[in-house]
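Only one structure is covered here, and it is reproduced in the block below.
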Amino acid sequence: MEVGLLLIIARILAALSVLLTLVAIEIIGLQYLPIGFEATGVFGGASFFLATVTAVSALVIAVLRGRSTRKAGFSTIVALTGMALLGLVTLFAADLLRTLR
C-alpha cells in the first residue's frame with residue numbers, strides 16, 4: 001500500500017475510535033437513552049470493544065509508518081488515539097468502582 005493511503009486510514013481509524021469512545025461513554029456511563037439492561041450491555045460492550053480495536057489499529061499503523069518513513073502526521077494520530085484509550089480506561093475504572101460499591 002502507498003504510504004499516504006496508510007496515513008489516511010490511520011487518521012480515519014483514530015477519529016472513529018474517538019467517536020466510538022463517546023458512544024461507549026454515553027451508553028455505559030451516562031445512560032441518557034433508556035434502552036434497557038440487555039441493550040446497554042450489548043451496545044456498550046460492542047462500542048467499547050470496537051473503540052479499543054480501532055485505536056490500537058491506528059496506533060499500529062502510525063508506528064509502523066513512522067519507523068519506515070518520515071513521521072509527518074504521527075502526532076495527530078497518537079493524540080486522538082491516546083484520548084480515546086484514556087477515555088476507555090476511565091470509563092472502565094468508573095464502571096468497576098460503581099459495581100464494587
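All of the numbers you see were taken from the coordinates with simple rules; none came from a lab. Owing to the predicted nature of the structure, the values given are computational and were not obtained by experimental measurement. Every residue, glycine among them, receives a Cβ derived from its backbone with ideal geometry; neighbour counts consider all protein chains shown.
For the chain, build the convex hull from the C-alpha positions and give me its volume per residue in Å³. Present the calculation step by step, with values, prior to reporting the outcome.
Numbers: hull volume 9.2 nm³, N = 101.
About 91 Å³ per residue, rounded to a whole number.
Based on the mean of other Cβ atoms within 10 Å per residue, sort peptides 15-25, 75-85 so the most packed one is first.
In descending order of packing, they fall as 15-25, 75-85.
Does anyone have the angle between helix 3-24 and the longest principal axis of the chain? Alpha-carbon axes, 0 to 90°, nearest 10? Roughly 10 degrees between the two axes.
Over the chain, what is the mean sequence separation of C-alpha contacts under 8 Å (at least six apart), divided by residue count, expressed as relative contact order in percent?
On the way: 97 pairs, mean separation 39.8, N = 101.
Rounded, it is 39 percent for the chain.
Please give the helix 74-100 orientation as an angle from the longest Cα principal axis of the chain, in degrees from 0 to 90, rounded to the nearest 10. Long axis of 74-100 versus the principal axis of the chain: about 20 degrees. Could you give the angle, 0 to 90 degrees to the nearest 10, between helix 37-68's Cα long axis and the longest principal axis of the Cα atoms of the chain? Here the helix axis deviates by roughly 20 degrees.
Computed from point charges on the beta carbon alone (+1 for Lys and Arg, -1 for Asp and Glu), the dipole magnitude for the chain about its Cα centre is near 440 Debye.
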